[in-house]
Amino acid sequence: FAHNNAPFDSAMVQRIMGGSSVINALILFFVLGIHNSNMSTTSAMKNVVVVGGGIQGTSVAYHLAQRTTPSKTNIVLLESEQPASAASGKGGGFQARSWGDGSPTQRLHEVAFDMYADLAQELQCQSYRKLPVLSVSPGYDGIKLAQKNKALSPLMPSWLDGKVGRISALGYGDDTAQITPKEFVHTMLEKQKDRIQVVQGTCVGIESDQGSERGSRKVTSIQYTTKTSDEISVLPADCVVVSAGPWSCAAEDWFRGSGVELPMEGVKSTSIVWKQPESVDKVDATALFCGEDNRFGTHLEVYPRPDGEIYICGIGGSDYISKEALKDGAFREECLAKEPRVEAAMASFQEMSSSYKKEGELDRAQACMRPCPPDAMPYMGAIPGYEGAYINAGHNCWGIAWAPACGLAMSELIVDGESSTIDLSPFDPARF
């Protein structure tokens, strides 16, 4: 017998069995019954379905694969499009260990940052690295002043050679890093390709049966449709984890009677990616957080990548998508950039970089949505009244940065009954 991998007290069994009375036998039966009823959910968990193939959902699936055995647990990742096709394929991938604000999410920053360093090596991610960060204001003479500053001059990238104002250091590369999230998603799936089955489809509901307690329900399967058919298909599931970014709010209609409400707003924003100029051998690795540029309506975030690209977001002009529209699948299949914002971002960056003004060429313009609950806190935990039902969504702009910690914490909750890494109580899905 085992509980959370700890051996059952055999000495107690021997003491009970020391007698031969019917009473002693009944006591033994009662004790074993209590013990077995409290065993980890792993013993009963045969089919896990994670809804959503972005970096959050994939991280949950990856860590569940790490903590379960293939002979006992099947893991399916249900994704509407392709893994990392939404924000996880179009995000910047910036991480900051000490940028937590003292709220309960600070621990997510710290744990995830440390995990990324280890996982990137384990998964052989080429896009992970630590890098310094500068704060840059609009203006004219900032570069000359920064180059005279002994602390700042080593951080100055050669491509920052245009007109800027005041420059200061936000990080020196010890607690700031980056990764290309799409690569991280695909390397996780490759590492666990024998454990995680990717199925293309959109979840439209769940099926449940009477739970172990009066009034409770237990998940038995999930319902989904495909891109080629509206006919409902079914996947067996005694455990389901909803981790579908902004579209996760639809789950409040799937778990009827739970009382869970998932207020959510999708913030749709444009980003651009520059090619590496042909005359540049290496694009220096310094990220920029830029002040509000009223000339263009931008507050750029600039992330040079190891492959020579420069990713830019903070372009302004975001659209705010209602929960009702998200439930209907708004922008799930197609999420296009806003051309006026692309032009504004290009102009704003080229003011800062003469190099890219002369020979800069865009590789792509794109858009994606980040999922925003009203209190800026994620939904992470069990769905009340349902056995085997969980949600991990609403991580706002930090979803990529927090992904490893969230995946680990959710896997601990599902397998062990609670997370020992992250206090999940502030993220209760039933808090609204």
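The values are calculated or read from the model by the stated rules, or taken from the named source; none is laboratory data. Keep in mind that this is a model prediction, so the values were computed, not measured. Neighbour counts are summed over all protein chains in view; Cβ atoms, including those assigned to glycine, are modelled from backbone coordinates with ideal geometry. Heads up: the accessible areas ignore ligands, DNA and RNA and are worked out on the full protein's heavy atoms, side chains in. Shrake-Rupley method; radii C 1.70, N 1.55, O 1.52, S 1.80 Å.
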Open item on the list: On C-alpha positions alone, give me the angle between the axis of helix 106-123 and the longest principal axis of the chain, in degrees, nearest 10.
Closed with: 90
- [ ] Starting from the exponent 0.38 and prefactor 2.2 Å, build the expected Rg for segment 50-193 from its residue count and divide its actual Cα Rg by it.
- [x] 1.31
Open item on the list: Cβ neighbours within 10 Å, averaged per peptide: list 82-92, 213-223 in order, most packed at the top.
Closed with: 82-92, 213-223
Task: Degrees, to the nearest 10: 399-416 long Cα axis against longest axis of the chain - done: 10
TODO: Name the most mobile residue of 327, 150, 282, meaning the one with the largest mean-square fluctuation, in a Gaussian network model of the chain with Cα contacts below 10 Å.
DONE: 150
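What number comes out for the charge environment of residue 127, summing +1 per Lys or Arg and -1 per Asp or Glu over other residues with Cβ under 11 Å away?
Cβ neighbours under 11 Å give a net charge of 0.
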- [ ] Could you tell me what percent of the accessible area of the chain is made up of carbon and sulfur, with a 1.4 Å probe and every protein chain present?
- [x] 49
Task: Relative contact order of the chain, defined on C-alpha pairs under 8 angstrom at six or more residues apart (%) - done: 22
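Which value does Rg/Rh take for the chain over its C-alpha atoms, Rh per Kirkwood?
1.06
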Task: Of 90/357; 130/338; 72/227; 72/191, those spanning more than 22 Å from alpha-carbon to alpha-carbon - done: 90/357; 130/338; 72/227
Open item on the list: I'd like the orientation of helix 55-67 relative to the chain: the angle between its Cα long axis and the longest Cα principal axis, in ° from 0 to 90, rounded to 10.
Closed with: 40
TODO: With a Förster radius of 22 Å, plug the Cβ-Cβ distance of residue 166 and residue 376 into 1/(1 + (r/R0)^6) and report the FRET value to the nearest 0.05.
DONE: 0.20
TODO: Among 129, 107, 256, determine the one that fluctuates most according to a GNM of the chain built with springs between C-alpha atoms less than 10 Å apart.
DONE: 256
Task: Nitroxide proxy distance, nm - points 7 Å out along Cα→Cβ at residue 363 and residue 175 - done: 3.0
TODO: Grab the DSSP H runs of the chain that are 4 residues or longer, score each as -39,500 (n - 2.57), total them, divide by all residues and round the 222 nm result to the nearest 500 deg cm²/dmol.
DONE: -8500 deg cm²/dmol
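What is the extension gain from residue 320 to residue 193, computed as 0.36 nm multiplied by their sequence separation minus the C-alpha to C-alpha distance, in nm to one decimal?
42.1 nm
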Task: Most mobile of 57, 102, 407 in a GNM of the chain (Cα contacts under 10 Å) - done: 102
Task: Gain on full stretching of the segment that runs from residue 280 to residue 82 - 0.36 nm per residue minus C-alpha separation - done: 67.9 nm
- [ ] Enter the accessible area per residue of segment 204-325 (Å², integer; probe 1.4 Å; all protein chains in place).
- [x] 45
Open item on the list: Rg/Rh for segment 139-267 to two decimals, with Rh computed the Kirkwood way over all alpha-carbon pairs.
Closed with: 1.24
